[in-house]
Amino acid sequence: MNPSRRLAAIARRAMGGDASTQPTPSTQPTPSMDEPPSTDRQASTEPTPSARRHDAAQIAAAGFSPVEVASRGGEAPWLGPDGISSKSDLSDAATTEPEVPLSVVEDALARLVAFEDVVLSWIAEDGYPMNVAIPIEINPHDGLVRFDTPTGFQLAGGAEVALTGSHIRPLSGGGFDERSHITIWGTLVARPRGRFVLHPGRAWIWDESETPPPAAYERSLPKARRYFEELSREKGFRVRPRLDLRLLLFRATRAPFLSATLVPVLLGLTVAGQMGFFDPLTAAITIAAACLVHLGLNVANDVFDTLAGADDANASPTKFSGGSRVIQNALVSVGQMSVLAAACYVASGILGLVLLELRGSVALVGIVAVGLVISLGYTMPPLKFVYRGLGEIATAIGFGPVMLLGAFAVQSRGSLSLAATVVSIPVGLLVAMILYVNEIPDREGDTKADKRTLPVRWSKARVILGFDVAVAATFAVIVAGAAVGLLPLTVLLALLAIPLARETHRGLVRFYDSPYALMPTMALNIRLHLTVGVLLVFGYAAAIADQRLLGLRPFLW
Amino acid sequence: MPALPYPVARLVDTALVGELTVVGVDGRPITYPMTPLLWGERIFMTSSALDSAKVTHIKANPRVSFSVTNPEATGTMAGRVTIQCDARVSEDDLHEGWERLIQGWSKKDPSVRALIASRLAFPLLLERILIELTPRKAWYWPDGDTEKAPQITVAAEVAR
């Protein structure tokens, strides 16, 4: 479409809307977030009603209370204009003089039409910038802006000026939302009788409703890191953002994911207990060692993903995917994370040696060796299982049979059991599904880093089919194990989790391509693993109680 | 002027948001929406480390202007003001240096306290640079009509 006609069409649409809700995505063309950074889109003020609800859902999904969505910083902001913008940072743009797509200027003009007054900014003769609210006229046909000299001030033709429209919606309980901020720049052309004409050549649009806050945050991280680097140079010592050490360790190690370890280990201990093997001391050491291996794996994974560029390339990480982001947030260095990973591995190694000393067996040595290869080879060269599409299988083996049989073997002093092996399969499959589903929103970043996970390799339909098959196999193994008498009947309690599997499937179908909308599904999938694991443990505990206390052994197994 | 004339100070103290204009590295004016916090004779605002471009500009050229123009931001208070200021940034303690403003800030935006609670998830939002504006000259439109001539107040030291 001819640019003028297109602008006219946009402006007509804009003028047809309510000014108070003007810069909302519903009434305005939404610029693509993939536009080149030269477009100077930046944002400011506050979200719109719909935007606020939108953000609340996203933040809630991210694990924060909806009220946090309303948060914004001292600049009007949760994330202000320079940050977020999807597009570029003015400081960068100003030095590179990028080509600005005409569509962005048109879009900015169309949005400015909605403002009764805009702020005219210019550099006064004394070198100070000035800004004054003025009414303007935008001609949608020629794309020109006309206005009068503000009363009491002097402007000269040839001056570079900016026109800015900022929008907020005050809230009855205090605060505000619906932030948007539009600026156009151009050179003034003087007309008779104090009139001026501006032909905008650059524009900057920021509307927080158009970028999910977590995504906006992530996009701003590289700039923040540069800021800290520059500040460190200025001050002559390293300046870093800070986080309470406990919170930092919690985040860096991704401790909440320990459920993936606790389930198989506790189940292994319970299966052993059901067979008459249980030693509290070695059970406690086993749990600690397994947790440390898992934490070490998480931290090492962040190190290698950062070195490979996968975490930096991930533009839409969530609390379930994309790593801990502590390196990306400049909270710690790669070196510090490497030390932390090594410390976890060393500590778990010491505990492992204690276990070998107390309960050593050939089987345990073999299991530990396999576990070590999987843990270290998961992201570490040259194996890099996760980069070769083997991460899911490695995870299934590591967090299924290895963890469960390892815990079992410690208690049984090396003897293995078919029942323990069978019951480790559903646990392994479901923990692999945690990784598998969490890899879905990471596809783009993983592809850039040549991390060929299954969701990177497969189509949406195939990925969802893969999930369905794995989950079906999970429950089939449980039923078959109980049917042939290998597992106690009480493990059938795990079938109570089937509705969670169905919900997860539905979520995958619906939100596959929306990283933040997929977060509740990822949470549900983790709950599926945890629920099945806990029900299996409970099933075994019931069998033990039945065996030891009630004497109904023939009935239940 | 003592700091700011009373009606101007009241307007700034009420405003949820105003416009801070800085001089960009290429000499072009750049305007940012900011929440002003009046503290004594100065206007304070903060910028997260994520949004530090404005700070870079101020450090290169501390001459700025700050205006309150949006009637939505001042509720029932009429009036508009533009204040020419000298800006200073404080980067000594990004983690806690700005926290003395929390009380005043949370009066304007109660959700700030929830923001603070989100430090684990969004730590860099709470690493904030303090921006301090010392007013030099103010243009005030009591009824908000900028087509009329403004009332101009000049700081005593500037007038000298």
*For A:L295, indicate whether it is more than 14 Å from chain B (Cβ to nearest Cβ), surrounded by 23 or more Cβ atoms within 10 Å (Cβ to Cβ) and modelled with pLDDT of 95 or more.*
yes
_Any helices (runs of 4 or more DSSP H) falling wholly within region B:1-83 and containing at least 3 residues that are more than 18 Å from B:K108 (Cα to Cα) and more than 8 Å from chain A (Cβ to nearest Cβ)_ = B:53-60
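Scan region B:84-116 residue by residue and report those that are at pLDDT 90 or above, assigned to a helix (DSSP H, G or I) and among the charged types (D, E, K, R). Full working, then the answer.
Going residue by residue through region B:84-116, those that are at pLDDT 90 or above are B:84-110.
Adding the requirement that they be assigned to a helix (DSSP H, G or I) leaves B:97-108.
Across region B:84-116, the qualifying residues are B:E99, B:R100, B:K107, B:K108.
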*Which of (1) at the interface with chain A (Cβ under 9 Å from one of its Cβ atoms); (2) free of Cβ contacts under 8 Å to residues at least 60 places away in the same chain; (3) not acidic (D, E) does B:R88 not meet, given it meets every other one?*
(1)
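Restricting the search to region A:415-442, which residues are open to solvent by 20 Å² or more (accessible area, probe 1.4 Å) and not hydrophobic (A, V, I, L, M, F, W, C)?
Within region A:415-442, A:S415, A:T421 meet the criteria.
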*May I ask you to verify whether A:L492 is assigned to a loop (DSSP other than H, G, I, E, B) and within 24 Å of A:R527 (Cβ to Cβ)?*
no
*Selection within region A:117-140 - in contact with a Ser or Thr (Cβ under 8 Å, 6 or more places away or on another chain) and within 7 Å of chain B (Cβ to nearest Cβ)*: A:D117, A:V119, A:S121, A:Y128, A:P129, A:M130, A:N131, A:V132, A:A133, A:I134
*Return the only residue of A:R193, A:R219 being within 12 Å of chain B (Cβ to nearest Cβ) and among the basic types (K, R).*
A:R219
*For region A:332-353, name all the residues that are in contact (Cβ under 8 Å) with a residue 60 or more places away in the chain and not in a helix (DSSP H, G or I).*
A:V332
_Among the residues of region A:389-400, are any open to solvent by 40 Å² or more (accessible area, probe 1.4 Å), more than 17 Å from A:A432 (Cβ to Cβ) and in contact (Cβ under 8 Å) with a residue 24 or more places away in the chain?_
no
*Would you be able to tell me the number of residues in region A:216-243 that are open to solvent by less than 70 Å² (accessible area, probe 1.4 Å) and acidic (D, E)?*
1
*asked:* So if I check each of B:A155, B:A73, B:A138, which one is in contact with a Gly (Cβ under 9 Å, 6 or more places away or on another chain) and closer than 30 Å to A:E125 by Cα?
replied: B:A73
*asked:* As an exercise: evaluate B:I116 against (1) open to solvent by less than 50 Å² (accessible area, probe 1.4 Å); (2) more than 7 Å from chain A (Cβ to nearest Cβ); (3) within 15 Å of B:M45 (Cα to Cα) and give the number of the one condition it does not meet.
replied: (3)
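Which helices (runs of 4 or more DSSP H) sit wholly inside region A:354-414 and have at least 3 residues that are under 22 Å from A:L262 (Cβ atoms) and not hydrophobic (A, V, I, L, M, F, W, C)?
Counting at least 3 such residues, we get A:391-397, A:403-412.
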*Could you look through region B:118-160, keep only residues that are of a type in the set (F, W, Y) and part of a strand (DSSP E or B), and pick out the one that is nearest to A:G152 (Cα to Cα)?*
B:W139
*In region A:244-281, what residues are polar (S, T, N, Q) and surrounded by fewer than 20 Cβ atoms within 10 Å (Cβ to Cβ)?*
A:S259
*asked:* If A:T447 meets every condition in (1) more than 30 Å from A:A482 (Cα to Cα); (2) open to solvent by less than 20 Å² (accessible area, probe 1.4 Å); (3) among the hydroxyl-bearing types (S, T, Y); (4) not in a loop (DSSP other than H, G, I, E, B) apart from one, which number is that one?
replied: (2)
*Please find, within region B:69-83, the residue that is surrounded by the fewest Cβ atoms within 10 Å (Cβ to Cβ) out of those that are touching a Ser or Thr at 6+ places or on another chain (Cβ under 6 Å) and among the β-branched types (V, I, T).*
B:T74
*Residue by residue through region A:225-239, note down the ones that are modelled with pLDDT under 95 and facing another protein chain (nearest Cβ under 7 Å).*
none
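The values are calculated or read from the model by the stated rules, or taken from the named source; none is laboratory data. Keep in mind it's a predicted model, so treat the numbers as computed, not measured. Positions of Cβ are generated from backbone atoms using ideal geometry, with glycine treated the same way; all protein chains shown enter the neighbour counts. Remember, those area values only see protein heavy atoms, side chains included, never the ligands or the DNA or RNA. Shrake-Rupley method; radii C 1.70, N 1.55, O 1.52, S 1.80 Å.
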